[in-house]
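Okay, structure first, notes after.
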Amino acid sequence: SYATAIGSSGDRPAALAELVGVILNDGIRYPNVRVERLQFGRGSPYETVFRRLPSTGERVLKSEVAARLRKAIADVVENGTAR
């Protein structure tokens, strides 16, 4: 939107991070993950390790659209206002 383009949309940082993740993951949205692995009682008889199971993503953008968006973002950084 125009508001986003001029930086006054009020978008939450988490939503913007999710959008960039979709773009970088070729149009696939993966669930947010904060912890990948937990380990308790290392070296003891009660040692326990929890690992996150691999998750499948959901395609929310066509691959071609995500590729074009990546190119546009890179162009802004290299040649636009972020330079």
- Task: May I ask you to list the residues in the range 39-67 that are open to solvent by 80 Å² or more (accessible area, probe 1.4 Å) and either part of a strand (DSSP E or B) or touching a Cys at 6+ places or on another chain (Cβ under 8 Å) (or both)?
- Result: 40, 50, 51, 58, 59
- Task: May I ask you to verify whether residue 70 is within 24 Å of residue 14 (Cβ to Cβ) and either free of Cβ contacts under 8 Å to residues at least 12 places away in the same chain or surrounded by fewer than 13 Cβ atoms within 10 Å (Cβ to Cβ) (or both)?
- Result: no
- Task: Output the qualifying pairs, or none if there are none: Cβ atoms under 7 angstrom, residues six or more apart or on different chains, first residue in the range 18-37 and assigned to a loop (DSSP other than H, G, I, E, B), second residue among the hydroxyl-bearing types (Ser, Thr, Tyr) and open to solvent by less than 80 Å² (accessible area, probe 1.4 Å).
- Result: 26/63; 27/63; 30/55; 31/55
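The values are calculated or read from the model by the stated rules, or taken from the named source; none is laboratory data. Treat the numbers as computed from the prediction; the structure is a model and nothing was measured. FYI the Cβ positions are ideal-geometry reconstructions off the backbone, even for glycines, and counts take in every protein chain you see. These accessible areas exclude ligands, DNA and RNA; they are computed on the full protein's heavy atoms, side chains included. Shrake-Rupley method; radii C 1.70, N 1.55, O 1.52, S 1.80 Å.
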